[in-house]
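So the structure is just underneath, and the comments pick up after that.
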Amino acid sequence: MRLDKQRIVVTGAFGTLGAAMVRAALDAGAQVAAIDRAPVPANLGAAHGFGGVDLSGTTEAKRAIDAAAEALGGIDALVNIAGTFRWETLADGDPDTWDLLYRVNLRTAVAASKAALAHLPDGHGRIVNIGANSALKAGAGVGAYTASKAGVMRLTESLAEELKPRGITVNALLPSIIDTPPNRADMPDADFERWVKPEQLAGVIVFLLSGAASAITGALIPVTGRV
């Protein structure tokens with residue numbers, strides 16, 4: 001799939017999945033603006049980097065998205081990857097964790113999407129979010145995480161309906177365990193080959209950003225590898 005001349009904004013772009021998405025978009029011929037809370041890394045390549053951005057704040061999100069649009073000369077697509085994970089039971093955990101995961105996993109997608117609406121073109125604009133397959137049925141210790149990701153799923157469905165008159169598609173991926181260094185450290189005895197690779201997820205996102213996916217909107221797509 002080619003994304004030649006597309007102008008794509010990626011949030012959470014300096015993490016493992018975000019970096020894979022930036023590389024995949026650049027390889028597909030897109031121009032990329034990479035936004036993250038972390039400082040801009042030295043190995044960002046041809047992407048425009050915007051670090052130190054708290055996307056959970058509407059003012060800061062708008063400032064960053066507007067700056068990305070200026071750098072790219074517009075925005076054709078937004079990929080909301082910014083997120084985090086916590087495992088803790090309700091009995092032993094902190095209720096503030098629920099607020100944290102809401103802000104990082106859901107509110108960042110809300111604020112970035114709202115800011116991007118003024119820039120996305122009618123007829124072929126794209127938004128792709130990252131939900132979680134575990135949000136379909138939560139297990140012990142992941143209540144806060146899956147609640148926030150369920151919110152991402154409902155945001156995706158609602159915004160897809162809202163933007164149908166403009167011809168802008170909104171979809172979400174529902175990954176299982178992503179093969180990242182932190183996940184390997186947390187689960188050293190797991191079979192990593194069964195996990196979803198960041199590059200595989202990025203490939204599905206590239207497809208959703210392409211013209212071949214123009215008829216797909218409001219979809220929640222499981223990408224679960226062999227988990």
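The values are calculated or read from the model by the stated rules, or taken from the named source; none is laboratory data. No experiment lies behind these values; they were computed from the predicted model shown. Every residue, glycine among them, receives a Cβ derived from its backbone with ideal geometry; neighbour counts consider all protein chains shown. Remember, those area values only see protein heavy atoms, side chains included, never the ligands or the DNA or RNA. Shrake-Rupley method; radii C 1.70, N 1.55, O 1.52, S 1.80 Å.
Quick check on region 162-169. Is at least one of its residues touching a residue at least 24 places away in the same chain (Cβ under 8 Å), surrounded by fewer than 19 Cβ atoms within 10 Å (Cβ to Cβ) and closer than 22 Å to Y102 by Cα?
Step one: of region 162-169, the residues touching a residue at least 24 places away in the same chain (Cβ under 8 Å) are 163-164, 166-169.
Now narrow it down to the ones that are surrounded by fewer than 19 Cβ atoms within 10 Å (Cβ to Cβ): 164, 166-167.
Those left that are additionally closer than 22 Å to Y102 by Cα: none.
Looking through region 162-169, none of the residues is touching a residue at least 24 places away in the same chain (Cβ under 8 Å), surrounded by fewer than 19 Cβ atoms within 10 Å (Cβ to Cβ) and closer than 22 Å to Y102 by Cα.
If you scan region 208-223, which residues turn out to be in contact (Cβ under 8 Å) with a residue 60 or more places away in the chain and open to solvent by 40 Å² or more (accessible area, probe 1.4 Å)?
G211, A212, S214, L220, P222 - these are the residues of region 208-223 that are in contact (Cβ under 8 Å) with a residue 60 or more places away in the chain and open to solvent by 40 Å² or more (accessible area, probe 1.4 Å).
If we scan region 23-34, do we find a residue that is out of contact with any strand residue (DSSP E or B) (no Cβ under 8 Å at 6 or more places or on another chain), closer than 17 Å to L3 by Cα, open to solvent by less than 40 Å² (accessible area, probe 1.4 Å) and free of Cβ contacts under 8 Å to residues at least 60 places away in the same chain? Walk me through it before giving the result.
From region 23-34, those out of contact with any strand residue (DSSP E or B) (no Cβ under 8 Å at 6 or more places or on another chain) are 23-24, 27-29; that's our starting set.
Keeping just the survivors that are closer than 17 Å to L3 by Cα gives 23-24, 27-29.
If we keep only those that are open to solvent by less than 40 Å² (accessible area, probe 1.4 Å) too, we end up with 24, 28-29.
With free of Cβ contacts under 8 Å to residues at least 60 places away in the same chain added as a condition, the list becomes 29.
Scanning region 23-34 turns up at least one residue that is out of contact with any strand residue (DSSP E or B) (no Cβ under 8 Å at 6 or more places or on another chain), closer than 17 Å to L3 by Cα, open to solvent by less than 40 Å² (accessible area, probe 1.4 Å) and free of Cβ contacts under 8 Å to residues at least 60 places away in the same chain.
Tell me, which helices (runs of 4 or more DSSP H) lie completely within region 136-227 with 3 or more residues that are under 15 Å from the mean Cα position of the chain (by Cα), more than 20 Å from T84 (Cα to Cα) and modelled with pLDDT of 95 or more? Walk me through it before giving the result.
Values: elements: 143-163, 181-186, 198-209.
Result: 198-209.
Which of the residues that make up region 76-115 are assigned to a helix (DSSP H, G or I), among the small types (G, A, S) and surrounded by fewer than 24 Cβ atoms within 10 Å (Cβ to Cβ)? Walk me through it before giving the result.
Here is the first cut: in region 76-115, the residues assigned to a helix (DSSP H, G or I) are 96-115.
Next, only the ones that are among the small types (G, A, S) stay: 109, 111-113, 115.
S113, the sole residue that qualifies.
Within region 1-19, can you find the residues that are crowded, with 23+ Cβ neighbours inside 10 Å and aliphatic (A, V, I, L, M)?
Answer for region 1-19, where residues must be crowded, with 23+ Cβ neighbours inside 10 Å and aliphatic (A, V, I, L, M): L3, I8, V9, V10, A13, L17, A19.
Can you tell me which residues in region 142-160 are open to solvent by less than 20 Å² (accessible area, probe 1.4 Å), among the polar types (S, T, N, Q) and within 18 Å of A115 (Cβ to Cβ)?
T156
Taking the conditions exactly as written (open to solvent by less than 50 Å² (accessible area, probe 1.4 Å) and closer than 28 Å to T89 by Cα), does G139 satisfy them or not? Even if it seems obvious, please write down each step before you answer.
Values: open to solvent by less than 50 Å² (accessible area, probe 1.4 Å): yes; closer than 28 Å to T89 by Cα: yes.
Yes; evaluated as a whole, the condition is true for this residue.
Is it true that some residue in region 197-207 is open to solvent by less than 10 Å² (accessible area, probe 1.4 Å) and of a type in the set (G, A, S)?
Checking region 197-207: at least one residue is open to solvent by less than 10 Å² (accessible area, probe 1.4 Å) and of a type in the set (G, A, S).
Would you say G57 is loosely packed, with under 15 Cβ neighbours inside 10 Å and not basic (K, R)?
Numbers: loosely packed, with under 15 Cβ neighbours inside 10 Å: no; not basic (K, R): yes.
No; evaluated as a whole, the condition is false for this residue.
Out of the residues in region 35-45 that are at pLDDT below 95 and closer than 23 Å to Q200 by Cα, state the one that is most open to solvent (accessible area, probe 1.4 Å).
From region 35-45, those at pLDDT below 95 are 42-45; that's our starting set.
From what is left, the residues that are closer than 23 Å to Q200 by Cα are 43-45.
Working: N43: 133, L44: 25, G45: 68 Å².
For region 35-45, the residue satisfying everything is N43.
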